[in-house]
C-alpha cells in the first residue's frame, strides 16, 4: 500500500501519482518542502494529504510535474 494511503478512510485519497518509484516520490516531496521551509521544520513522516492540506492541491500537481520531468 502506498505511504500516502489513508488506511482509516478518514480522508479521500486525492493523489493520482502513479508510475514513479516511491524513493523518487519521497525525494521530490522533500525537495518541494525544502523550497518552502527550513529543513529542520520538515517532519520525519510526510503524508501527501497533509501536504495538500497545508499547501493546497496545487502542490500535488507540482509534485506530479516534477516526477514527469525526471
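The values are calculated or read from the model by the stated rules, or taken from the named source; none is laboratory data. Quick caveat: nothing in here was measured; it's all calculated off a predicted structure. All Cβ positions, glycine included, derive from the backbone under ideal geometry; neighbour counts span all protein chains shown.
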Hits in region 11-31 (condition: touching a helix residue (DSSP H, G or I) at 6+ places or on another chain (Cβ under 9 Å) and modelled with pLDDT under 80): 11, 12, 13, 14, 15, 16, 17, 19, 20
field: Restricting region 54-70 to residues that are in a helix (DSSP H, G or I) and in contact (Cβ under 8 Å) with a residue 12 or more places away in the chain, the residue that is nearest to residue 17 (Cα to Cα)
entry: 64
message: Return the residues of region 13-31 that are surrounded by 12 or more Cβ atoms within 10 Å (Cβ to Cβ) and in a loop (DSSP other than H, G, I, E, B); say none if nothing qualifies.
response: 13, 14, 15, 17, 20
message: Condition first: assigned to a helix (DSSP H, G or I) and touching a helix residue (DSSP H, G or I) at 6+ places or on another chain (Cβ under 7 Å). Now tell me which residues in region 32-53 satisfy that.
response: 32, 48, 51, 52
